[in-house]
Amino acid sequence: MAKAGLRDKLIEMGLETVHKNGFGATGVQVIVDAADVPKGSFYNYFDSKEAFGVEVLNLYFKGFGPRLQLLTDPSKSPVQRLKAYFESLGKTLGQWEYEKGCLIGNLSAELSSKNELIRERLAEVYEGWTSRIEACVREGQEQGEISRELKASVIASYLLNAWEGVALRTKVDKDKTAITQFMAVTFKTVLR
């Protein structure tokens, strides 16, 4: 396997193990064992476990690409797009049997006060994620579908913050109750 292939394999296996077990509980040995590569290979590609964590986070967020396209689907109104988007996120949590939650939220809870490199990348990810939701909300406001009482940026931040709470709660409850409640409140009051 080419060197770039080994690096990618480490990141892919790391994503799987970190998402399942948490960053702190996933040692370098666990990662290299999952990737079936020698431990020394890890440090050939990453300066530290934290630098590796940033790459895992990047791969996870890159996977959002196709789903984020739901927010720009011209065949649906902005509110319909937002609803389809959050339904899609909820469906994924269900496919994971409500055990993994959102890696972004998980890393935020676990590492934001412990690791500056990962905290900074998380902040960038949240900013990019929020801006995509904000663009859809703004379009809904321009079309008169969403109230202009609050700025689009405030609504988008609220939606994302609330969603991350939902993702964490589903891990605790092991069911879709928090998703159902989020959808009801969001689409019957916030985005009406």
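The values are calculated or read from the model by the stated rules, or taken from the named source; none is laboratory data. Predicted, not measured: the structure shown is a model, and the values here were computed from it. All Cβ positions, even for glycine, are placed from backbone atoms using ideal geometry, and neighbour counts span all protein chains on display. Accessible surface areas use protein heavy atoms only, side chains included; no ligands, DNA or RNA. Shrake-Rupley method; radii C 1.70, N 1.55, O 1.52, S 1.80 Å.
Using unit Cβ charges (K, R positive; D, E negative) and no other charged atoms, how large, in debye to the nearest 20, is the dipole of the chain about its Cα centre?
On the way: 26 positive and 25 negative charges, 74 e Å.
The calculated dipole for the chain is roughly 360 debye.
Residue 98 accessible area, nearest 10 Å², 1.4 Å probe?
40 Å²
Measure up 114/171; 76/171; 151/176; 39/174; 20/49 against 24 Å on the Cα-Cα distance and list the ones that go over.
76/171; 151/176; 39/174
Roughly how many Å is it from the Cα centre of the stretch 142-174 to that of the stretch 178-192, as a whole number?
Here the answer is 9 Å between Cα centres.
Relative to the first principal axis of the alpha-carbon coordinates of the chain, what is the inclination of helix 49-62, with its axis defined by its Cα atoms, in degrees from 0 to 90 and to the nearest 10?
40 degrees
Over the stretch 51-186, average the accessible area per residue using a 1.4 Å probe and give it in Å², no decimals.
Working: 6840 Å² over 136 residues.
For the stretch 51-186, the per-residue accessible area is 50 Å².
Place the peptides 12-21, 169-178 in order of packing, highest mean first, counting for every residue the other Cβ atoms within 10 Å and averaging per peptide.
Peptide ranking by packing, descending: 12-21, 169-178.
Over the stretch 18-60, how many percent of alpha carbon pairs lie in each 10 Å bin up to the one with the longest distance?
Histogramming the stretch 18-60 at 10 Å steps yields 27, 65, 8 percent.
Residue 95 to residue 151: FRET efficiency via 1/(1 + (r/R0)^6), r the Cβ-Cβ distance, R0 25 Å, to the nearest 0.05?
Efficiency for this residue pair is about 0.15.
Treating the angle as unsigned and between 0 and 90°, give the value, to the nearest 10°, between the Cα long axis of helix 152-173 and the longest Cα principal axis of the chain.
Roughly 60 degrees, rounded to the nearest 10.
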